[in-house]
Amino acid sequence: MENIPFFTEDTIVFGILLLCLGLVFYTSSINKGFWKAFYKYVPALLLCYLLPAIFNSLGIISPEWKELDADGNLVEKSSKVYYIASRFLLPASLVLMTLSIDLKAIFNLGPKAIIMFLTGTFGIIIGGPIAILLISLVSPETVGGAGFDAVWRGLSTLAGSWIGGGANQAAMLEIYEYNPEKYGGMVLVDIVVANIWMALLLIGIGKSNKIDRWLKADTTAIESLKEKVSNYAQSITRTPTLTDYIIMLSIAFVTVGLSHWGANGISSFLSGNFEIFNDKSSALSSFTSKFFWMITLATTIGILLSYTKAKQYEGAGASKLGSIFIYILVATIGMKMDLSMIFENPGLIAIGLVWMTIHALLLVGVAKLIKAPYFFLAVGSQANVGGAASAPVVAAAFHPSLATVGVLLAVFGYVVGTYGAILCTYLMQIASVG
């Protein structure tokens, strides 16, 4: 983190990220020769994620670093591009991609989405203690520690992050009081392992038809939803005018403003009137997360607008505009990944990788058992591990109309996140002592 990147100005960093997206989309549109063969095996979305990670790894850009101020003190600096993408562009994309949604058709997808999500949650809950037991056989010191330095306390924050999100992660840090000086190591594991897993899921999207055949999955409901949305879009498709673009952006960013205003109000109301929400040791403390309420409100507004004439803006390209914002978010997520981090703390990384492998194997096993499509596997997993910032990214990679499924499951993850993480931590404590 101490290494100052070559470019520190966000305007330049944003330009580099858009350069990455432009290169990927241009080369992927060349339907012949090397690029046709290349993109047959490497999903374009994965490259949108990996290219910024490579720029970060080479020290050209970085999400955060340390530098000396005018007084010679070492101060932390950070890029704001991820914050802007996740707080402004994500809710804007959600409302634009939800305008044409058919909520009834989403519910018609059946119970398999919830089953896969809960399987993912269960995989994280049991994966932690099993990973500790397995790693302890090879390297007992890696899973040791006493008092507030106990590794299981630190791993509790991973459980919170991988079931719910950032708010749940912070709650677990407060509840189990892991040594703050060592907390950075856990954040490192979170970033490295979660991003490796997301990369694998993105690779799988390019091969989803083969995976579905292997799973013997019934994708009828998903294809029906995609076809229904596509047919509706085609029936109202028109050449968008400047007025259309202005109105779509107005709808999107008025919603962003309302979502932030509402999120601030709800969070302040809960923390100001109910003491239990202020107690960081309470599982309910995560409900004061402004990000949680922002995502929830943006999605709710989008769903409500889908019952109005605003739905017709899908014909002018509302979901395409939303997809642009999603891809920018993907690039900023990729920028947070430093590939060299994988070698910094191999013991803890090993725990994280074993943990995520158990999560993945359980998902594959249950998907095979109930013949669930790869879409439910990928989105159910990412709703746990990635949360509301990346679950809609993975869902929209299948089809923009499916982004709402990712959001709804991710919001559910926030609700159960702290409770599931507490259970996981209890089991990890037993595994460590044992």
Residue-normalised accessible area of segment 43-84, given per residue in Å² at a 1.4 Å probe: 52
- prompt: Excluding same-chain residues fewer than 8 positions from LYS226, which aspartates and glutamates have a Cα within less than 15 Å of its Cα?
  reply: ASP102, ASP218, GLU314
- request: Would you work out which of GLY265, LEU409, ASN73 lies farthest towards the positive end of the dipole of the chain, given +1 charges on the beta-carbon of Lys and Arg and -1 on that of Asp and Glu, about the Cα centre?
  value: LEU409
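If each DSSP helix of 4+ residues adds -39,500 (n - 2.57) and the sum is divided by the residues in the chain, what number results at 222 nm, nearest 500 deg cm²/dmol?
-23000 deg cm²/dmol
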- line: With +1 at each Lys and Arg Cβ and -1 at each Asp and Glu Cβ, the charge dipole magnitude of the chain around its Cα centre, to the nearest 20 debye, comes out at 1940
Accessible area (Å², per residue) of segment 228-360, counting only protein heavy atoms and a probe of 1.4 Å: 48
statement: For the chain, the charge dipole (Cβ of Lys, Arg +1; Cβ of Asp, Glu -1; about the Cα centre) points to a positive end, and the Cα of TYR426, LEU188, ALA396 closest to that extreme belongs to ALA396
query: Applying 1/(1 + (r/R0)^6) with R0 = 22 Å to the Cβ-Cβ distance of LYS207 and LEU361, what FRET efficiency is obtained, to the nearest 0.05?
result: 0.75
field: For the chain: Kirkwood Rh in Å [reciprocal of mean 1/r, alpha carbons]
entry: 22.4
Amide proton proximity set for LYS66, modelled H, under 5 Å, gap of 5+: GLU2, ASN3, LYS77
- request: Among the lysines, select those whose C-alpha is under 17 Å from the C-alpha of LYS80, and discard any that sit fewer than 8 residues away in the same chain.
  value: LYS66, LYS336
- request: List the lysines whose Cα lies under 24 Å from the Cα of LYS32, skipping any in the same chain that are fewer than 8 positions away.
  value: LYS40, LYS207, LYS210
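Only four residue types carry charge here, +1 at the Cβ of Lys and Arg and -1 at the Cβ of Asp and Glu. Report the dipole size of segment 68-212 about the Cα centre in Debye, rounded to the nearest 20. Kindly include the intermediate steps, with their values, before the conclusion.
Details: 9 positive and 11 negative charges, 151 e Å.
My answer is approximately 720 debye.
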statement: In order over segment 66-71: 3J(HN,Hα) from phi, Karplus 6.51/-1.76/1.60, θ = phi - 60°, whole Hz, x for each Gly or Pro, gives 10, 8, 7, 8, 4, 8
- prompt: Across every pair of different alpha-carbon atoms, what Kirkwood hydrodynamic radius in Å does segment 281-396 reach?
  reply: 17.5
- line: Carbon/sulfur accessible area of segment 346-434, % of total, 1.4 Å probe, equals 77
Of all accessible heavy-atom area on segment 82-232, the percent that carbon and sulfur account for (1.4 Å): 63
task: State, in angstrom, two size descriptors of segment 217-361 derived from its alpha carbons: Rg to one decimal place and Dmax to the nearest whole number.
output: 21.0, 56
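Based on the Cα coordinates of segment 76-208, what is the per residue volume of their convex hull in Å³?
Spelled out: Cα convex hull of segment 76-208, divided by residues, is 168 Å³.
Roughly to the nearest percent, how much of the accessible area of segment 1-71 is carbon and sulfur, given a 1.4 Å probe?
That fraction is 65 percent.
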message: Between segment 329-378 and segment 176-241, how far is it from one alpha carbon centroid to the other, in angstrom?
response: 12
statement: Here the convex hull volume per residue of segment 189-246, taken over Cα atoms and given in Å³, is 161
Of every Cα-Cα pair in segment 113-168, the percent that sits beyond 15 Å: 56
- prompt: Taking only protein heavy atoms and a 1.4 Å probe, what accessible area per residue, in Å², does segment 96-149 have with all protein chains in place?
  reply: 44
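The values are calculated or read from the model by the stated rules, or taken from the named source; none is laboratory data. Note that the coordinates shown come from a computational prediction; the quantities given were computed from them, not determined experimentally. Cβ: placed from backbone, ideal geometry, glycine included. Neighbour counts: every protein chain shown. For the accessible areas, the whole protein counts, side chains as well, though only heavy atoms, and no ligand, DNA or RNA atoms are used. Shrake-Rupley method; radii C 1.70, N 1.55, O 1.52, S 1.80 Å.
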